[in-house]
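Colleague: Got a structure for you, written out below as C-alpha coordinates; questions coming shortly.
The values are calculated or read from the model by the stated rules, or taken from the named source; none is laboratory data. Here the structure is a predicted model, which is why all the values come from computation and not from measurement. As a convention, Cβ positions derive from the backbone with ideal geometry for all residues, glycine included, and neighbour counts pool all protein chains shown. Only protein heavy atoms, including side chains, enter the accessible area calculation; ligands, DNA and RNA are left aside. Shrake-Rupley method; radii C 1.70, N 1.55, O 1.52, S 1.80 Å.
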Amino acid sequence: MNASAVVDFLQFFRSYVSNPGQVSAIAPSGQSLARLMTQEIVPGAGPVIELGPGTGVFTKALLQRGVAEQDLLLVEYGSDFMRLLQQRFPRAKVLWMDARQLSQYEPFMAPAAATVSGLPLLTMSPRKVIAILTGAFRHMREDGAFYQFTYGPRCPVPRPILDRLGLKASLVGRTALNVPPASAYRIRRRPQLPRRALRHVNWQ
(Lines give C-alpha, C1' and ligand atoms only; values in the text may rest on other atoms or scores of the structure.)
Protein backbone atom coordinates (compact mmCIF):
# COMPACT_ATOMS: atom_id res chain seq x y z
CA MET A 1 0.00 0.00 0.00
CA ASN A 2 1.55 3.31 -1.09
CA ALA A 3 1.55 6.53 0.95
CA SER A 4 -1.48 7.96 -0.85
CA ALA A 5 -3.50 4.80 -0.21
CA VAL A 6 -2.55 4.88 3.48
CA VAL A 7 -3.70 8.51 3.74
CA ASP A 8 -6.99 7.64 2.01
CA PHE A 9 -7.59 4.66 4.29
CA LEU A 10 -6.97 6.73 7.44
CA GLN A 11 -9.23 9.54 6.19
CA PHE A 12 -11.98 7.09 5.31
CA PHE A 13 -11.68 5.25 8.61
CA ARG A 14 -11.87 8.49 10.63
CA SER A 15 -14.97 9.53 8.69
CA TYR A 16 -16.56 6.12 9.29
CA VAL A 17 -15.90 6.29 13.04
CA SER A 18 -17.30 9.83 13.30
CA ASN A 19 -20.38 9.13 11.15
CA PRO A 20 -20.98 5.44 10.31
CA GLY A 21 -24.48 6.21 8.99
CA GLN A 22 -23.06 8.46 6.30
CA VAL A 23 -19.96 6.38 5.44
CA SER A 24 -21.00 2.73 5.14
CA ALA A 25 -17.52 1.22 4.67
CA ILE A 26 -14.32 1.50 6.69
CA ALA A 27 -12.10 1.75 3.60
CA PRO A 28 -12.31 3.23 0.09
CA SER A 29 -13.52 1.07 -2.80
CA GLY A 30 -10.85 -0.93 -4.62
CA GLN A 31 -9.51 -0.46 -8.14
CA SER A 32 -11.43 -3.45 -9.51
CA LEU A 33 -14.75 -1.97 -8.41
CA ALA A 34 -13.74 1.46 -9.72
CA ARG A 35 -13.04 -0.04 -13.16
CA LEU A 36 -16.34 -1.95 -13.09
CA MET A 37 -18.31 1.18 -12.15
CA THR A 38 -16.76 3.32 -14.88
CA GLN A 39 -16.21 0.85 -17.74
CA GLU A 40 -19.31 1.99 -19.67
CA ILE A 41 -18.58 5.72 -19.37
CA VAL A 42 -17.82 7.16 -22.82
CA PRO A 43 -15.33 10.06 -22.78
CA GLY A 44 -16.70 13.15 -24.48
CA ALA A 45 -20.32 11.99 -24.30
CA GLY A 46 -21.10 14.69 -21.76
CA PRO A 47 -20.45 15.72 -18.17
CA VAL A 48 -20.40 13.09 -15.44
CA ILE A 49 -21.89 13.54 -11.97
CA GLU A 50 -20.35 11.68 -9.06
CA LEU A 51 -22.27 11.34 -5.81
CA GLY A 52 -20.35 10.65 -2.61
CA PRO A 53 -16.87 10.51 -4.21
CA GLY A 54 -15.12 10.26 -0.83
CA THR A 55 -11.36 10.18 -1.44
CA GLY A 56 -11.82 10.07 -5.23
CA VAL A 57 -11.28 6.40 -6.16
CA PHE A 58 -14.04 6.45 -8.80
CA THR A 59 -13.00 9.98 -9.80
CA LYS A 60 -9.50 8.78 -10.66
CA ALA A 61 -10.98 5.88 -12.64
CA LEU A 62 -13.13 8.33 -14.62
CA LEU A 63 -10.05 10.39 -15.46
CA GLN A 64 -8.24 7.23 -16.54
CA ARG A 65 -11.19 6.47 -18.83
CA GLY A 66 -10.51 9.79 -20.56
CA VAL A 67 -13.22 11.95 -18.96
CA ALA A 68 -11.96 15.54 -18.75
CA GLU A 69 -11.55 16.80 -15.19
CA GLN A 70 -13.57 19.94 -15.98
CA ASP A 71 -16.47 17.71 -17.05
CA LEU A 72 -16.81 16.27 -13.54
CA LEU A 73 -19.38 17.44 -10.99
CA LEU A 74 -18.48 15.99 -7.58
CA VAL A 75 -21.23 16.12 -4.94
CA GLU A 76 -19.85 15.42 -1.46
CA TYR A 77 -21.51 15.90 1.95
CA GLY A 78 -18.47 15.21 4.13
CA SER A 79 -16.52 18.43 4.69
CA ASP A 80 -13.15 16.65 5.07
CA PHE A 81 -13.68 14.70 1.85
CA MET A 82 -14.86 17.87 0.09
CA ARG A 83 -11.63 19.72 0.89
CA LEU A 84 -9.55 16.72 -0.19
CA LEU A 85 -11.41 16.54 -3.51
CA GLN A 86 -10.87 20.25 -4.16
CA GLN A 87 -7.14 19.74 -3.68
CA ARG A 88 -6.89 16.63 -5.82
CA PHE A 89 -9.20 17.68 -8.66
CA PRO A 90 -8.94 21.49 -8.89
CA ARG A 91 -10.54 21.68 -12.35
CA ALA A 92 -13.60 19.67 -11.34
CA LYS A 93 -16.70 21.35 -9.89
CA VAL A 94 -16.97 20.22 -6.26
CA LEU A 95 -20.25 20.86 -4.42
CA TRP A 96 -20.52 20.55 -0.64
CA MET A 97 -24.10 19.38 -0.30
CA ASP A 98 -26.42 16.48 0.45
CA ALA A 99 -27.16 14.58 -2.77
CA ARG A 100 -30.87 14.46 -1.97
CA GLN A 101 -31.01 18.24 -2.51
CA LEU A 102 -30.01 17.97 -6.19
CA SER A 103 -33.59 18.18 -7.44
CA GLN A 104 -33.98 21.59 -5.77
CA TYR A 105 -31.36 23.22 -8.00
CA GLU A 106 -31.25 24.28 -11.60
CA PRO A 107 -28.69 22.38 -13.73
CA PHE A 108 -25.09 23.16 -12.74
CA MET A 109 -23.78 22.31 -16.23
CA ALA A 110 -24.92 20.77 -19.51
CA PRO A 111 -27.08 17.64 -19.04
CA ALA A 112 -24.87 14.82 -17.79
CA ALA A 113 -24.32 11.59 -19.69
CA ALA A 114 -23.98 9.55 -16.50
CA THR A 115 -24.01 9.58 -12.72
CA VAL A 116 -21.62 7.43 -10.69
CA SER A 117 -22.79 6.88 -7.12
CA GLY A 118 -20.73 5.82 -4.13
CA LEU A 119 -23.60 6.50 -1.75
CA PRO A 120 -24.76 3.82 0.73
CA LEU A 121 -28.31 3.55 -0.61
CA LEU A 122 -29.04 0.39 1.38
CA THR A 123 -28.75 2.34 4.63
CA MET A 124 -31.07 5.14 3.48
CA SER A 125 -34.81 5.60 3.81
CA PRO A 126 -36.96 5.11 0.68
CA ARG A 127 -37.77 8.84 0.71
CA LYS A 128 -34.08 9.76 0.57
CA VAL A 129 -33.35 7.23 -2.18
CA ILE A 130 -36.22 8.64 -4.25
CA ALA A 131 -34.92 12.18 -3.73
CA ILE A 132 -31.39 11.22 -4.81
CA LEU A 133 -32.53 9.40 -7.94
CA THR A 134 -35.00 12.13 -8.88
CA GLY A 135 -32.31 14.79 -8.53
CA ALA A 136 -29.71 12.83 -10.48
CA PHE A 137 -32.04 12.10 -13.39
CA ARG A 138 -33.16 15.73 -13.43
CA HIS A 139 -29.58 16.69 -14.27
CA MET A 140 -29.01 13.93 -16.87
CA ARG A 141 -29.88 13.49 -20.51
CA GLU A 142 -32.84 11.29 -21.43
CA ASP A 143 -30.46 8.42 -22.24
CA GLY A 144 -28.27 9.03 -19.17
CA ALA A 145 -27.35 6.15 -16.86
CA PHE A 146 -27.00 6.03 -13.08
CA TYR A 147 -24.32 3.59 -11.84
CA GLN A 148 -24.58 2.25 -8.29
CA PHE A 149 -22.58 -0.40 -6.47
CA THR A 150 -23.65 -2.59 -3.59
CA TYR A 151 -22.26 -5.23 -1.27
CA GLY A 152 -25.69 -6.86 -1.15
CA PRO A 153 -27.06 -9.73 -3.29
CA ARG A 154 -29.39 -7.57 -5.44
CA CYS A 155 -29.93 -4.06 -6.73
CA PRO A 156 -29.93 -1.63 -3.77
CA VAL A 157 -32.89 0.27 -5.24
CA PRO A 158 -36.07 -1.76 -4.53
CA ARG A 159 -38.40 -2.58 -7.40
CA PRO A 160 -41.29 -0.46 -6.03
CA ILE A 161 -39.05 2.63 -6.14
CA LEU A 162 -37.88 1.83 -9.66
CA ASP A 163 -41.51 1.37 -10.77
CA ARG A 164 -42.60 4.61 -9.12
CA LEU A 165 -39.87 6.59 -10.89
CA GLY A 166 -40.19 4.84 -14.26
CA LEU A 167 -36.71 3.32 -14.05
CA LYS A 168 -35.15 -0.06 -14.74
CA ALA A 169 -31.99 -1.64 -13.31
CA SER A 170 -29.51 -4.01 -14.96
CA LEU A 171 -26.49 -5.77 -13.53
CA VAL A 172 -23.23 -4.46 -15.00
CA GLY A 173 -21.06 -7.06 -13.29
CA ARG A 174 -19.55 -8.34 -10.06
CA THR A 175 -16.05 -8.29 -8.65
CA ALA A 176 -14.67 -10.63 -6.00
CA LEU A 177 -11.43 -8.64 -5.89
CA ASN A 178 -13.02 -5.81 -3.95
CA VAL A 179 -13.11 -6.04 -0.14
CA PRO A 180 -15.87 -6.90 0.45
CA PRO A 181 -17.01 -8.35 -2.93
CA ALA A 182 -19.34 -5.95 -4.74
CA SER A 183 -21.73 -5.64 -7.67
CA ALA A 184 -22.40 -2.71 -9.98
CA TYR A 185 -25.81 -1.82 -11.43
CA ARG A 186 -26.91 0.45 -14.25
CA ILE A 187 -30.20 2.33 -13.77
CA ARG A 188 -31.92 4.00 -16.72
CA ARG A 189 -35.26 5.52 -17.61
CA ARG A 190 -37.73 3.06 -19.06
CA PRO A 191 -38.55 3.71 -22.70
CA GLN A 192 -41.85 5.50 -23.19
CA LEU A 193 -44.42 3.89 -25.47
CA PRO A 194 -45.54 6.12 -28.36
CA ARG A 195 -49.00 7.62 -27.87
CA ARG A 196 -50.33 5.56 -30.78
CA ALA A 197 -49.09 2.32 -29.20
CA LEU A 198 -50.65 3.21 -25.85
CA ARG A 199 -54.14 3.05 -27.40
CA HIS A 200 -53.60 -0.65 -28.16
CA VAL A 201 -52.29 -1.71 -24.74
CA ASN A 202 -54.61 -4.03 -22.78
CA TRP A 203 -54.51 -2.57 -19.25
CA GLN A 204 -56.60 -5.36 -17.68
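Colleague: Say we look at region 111-146 and pick out the residues that are open to solvent by 60 Å² or more (accessible area, probe 1.4 Å) and in contact (Cβ under 8 Å) with a residue 40 or more places away in the chain; which of these is nearest to the chain's Cα centre (by Cα)?
Modeller: Leu122
Colleague: Considering only region 149-160, I want to know if a residue exists there that is more than 21 Å from Ala45 (Cβ to Cβ), of a type in the set (A, V, I, L, M) and surrounded by 13 or more Cβ atoms within 10 Å (Cβ to Cβ).
Modeller: Yes, region 149-160 has at least one match.
Colleague: I'm trying to understand the selection: among the residues of region 76-96, which are more than 17 Å from Lys60 (Cα to Cα) and either open to solvent by 20 Å² or more (accessible area, probe 1.4 Å) or of a type in the set (D, E, K, R) (or both)?
Modeller: Tyr77, Ser79, Asp80, Leu95, Trp96, listed by residue number.
Colleague: Which pairs turn up if I take residues in region 153-175 that are more than 17 Å from Ser117 (Cβ to Cβ) and look for partners that are of a type outside the set (Gly, Ala, Ser) and in a strand (DSSP E or B) with beta carbon separation below 8 Å, at least 6 apart in sequence or on another chain?
Modeller: Going by the 8 Å Cβ cut-off, the qualifying pairs are Gly166/Arg189.
Colleague: Now, a different point. Looking at the structure I just gave you, is Ala169 open to solvent by less than 50 Å² (accessible area, probe 1.4 Å), touching a Cys at 6+ places or on another chain (Cβ under 8 Å) and more than 17 Å from Ala34 (Cβ to Cβ)?
Modeller: Yes, satisfied.
Colleague: Another question about this same structure. Look at region 2-58 and say how many of its residues are modelled with pLDDT under 95, among the charged types (D, E, K, R) and surrounded by fewer than 17 Cβ atoms within 10 Å (Cβ to Cβ).
Modeller: Counting residues in region 2-58 that are modelled with pLDDT under 95, among the charged types (D, E, K, R) and surrounded by fewer than 17 Cβ atoms within 10 Å (Cβ to Cβ) gives 1.
Colleague: Follow-up. In the set Arg186, Arg196, Arg174, which member is modelled with pLDDT of 95 or more and either farther than 19 Å from Pro53 by Cβ or in a helix (DSSP H, G or I) (or both)?
Modeller: On inspection, the qualifying residue turns out to be Arg174.
Colleague: Could you grab me the full set of residues in region 62-75 that are over 15 Å from Ala113 (Cβ atoms) and open to solvent by less than 10 Å² (accessible area, probe 1.4 Å)?
Modeller: Leu74, Val75
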